[in-house]
1. Dipole magnitude of the chain about its Cα centre, charges +1 at Lys/Arg Cβ and -1 at Asp/Glu Cβ only, in debye to the nearest 20?
2. Using a Förster radius of 25 Å, what is the FRET efficiency between LEU21 and GLU116 based on their Cβ-Cβ separation? Nearest 0.05, please.
3. Assign one of three labels to region 42-81, namely rounded, prolate or oblate, based on the Cα gyration tensor with a ≥ b ≥ c the square roots of its eigenvalues; rounded applies when a/c is under 1.5, prolate when it is not and a/b is larger than b/c, and oblate otherwise.
4. Roughly what would the spin-label model give for SER60 and LYS90, points 7 Å off Cα along C-beta, in nm?
5. With each pseudo-label sitting 7 Å past Cα toward Cβ, what's the ASN9-SER28 distance in nm, one decimal?
6. Over the chain, what is the percentage of antiparallel beta bridges among all DSSP beta bridges, to the nearest 5?
7. Just report the Cα centroid separation between region 103-122 and region 71-91, whole Å.
Amino acid sequence: MKIRVVKENDVDIAIVDSDELLITDAGSALDFFATVDYQTGCSRMAIHKSAVCEAFFDLSTGIAGDILQKFINYRKKIAVIGDFSQYASKSLKAFIHECNQGRDIFFVPDEKEAVEKLSMNPRRR
């Protein structure tokens, strides 16, 4: 796992690159953001979709809800970077749309948009 920190609008954001799966369940999500926070001090982070288990994107497994609830409970913000058009599930598309309307969890096509979303002042959203 490689972590670099970018600063946008006076907000530090950890961008995480990995060739392996980092988030597979709620426990690994806790390990992930604890490690990132410890190493960088960032509570806002972006990760590529390839580092998240595929079962996350099947809402019937409940894995997405379990994982994202950990981020919310610990006041972490996350952007998942990737192409989500391959998923045909209407419920997943609605879930992604709903997350993108909020302030804490985003599904974005590229790093630039991840940084933009994560650096927004919560009072403006």
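Derivation of every value follows stated rules applied to the coordinates shown; laboratory data play no part. Note that the structure is a prediction, hence the values are computed from the model and not measured. Cβ coordinates were reconstructed from backbone atoms using ideal geometry, including for glycine residues, and neighbour counts include every protein chain displayed.
1. Numbers: 17 positive and 19 negative charges, 125 e Å.
Charge dipole of the chain: 600 debye, to the nearest 20.
2. On the way: r = 26 Å, r/R0 = 1.05.
Once the sixth-power term is evaluated, E becomes 0.45.
3. Values: a/c = 3.37, a/b = 1.30, b/c = 2.58.
In terms of gyration-tensor shape, oblate.
4. According to this spin-label approximation, the distance is 1.5 nm.
5. About 3.1 nm separates the two model spin labels.
6. Values: 7 of 20 bridges.
Roughly 35 percent of the DSSP beta bridges within the chain come out antiparallel.
7. One Cα centre to the other: 11 Å.
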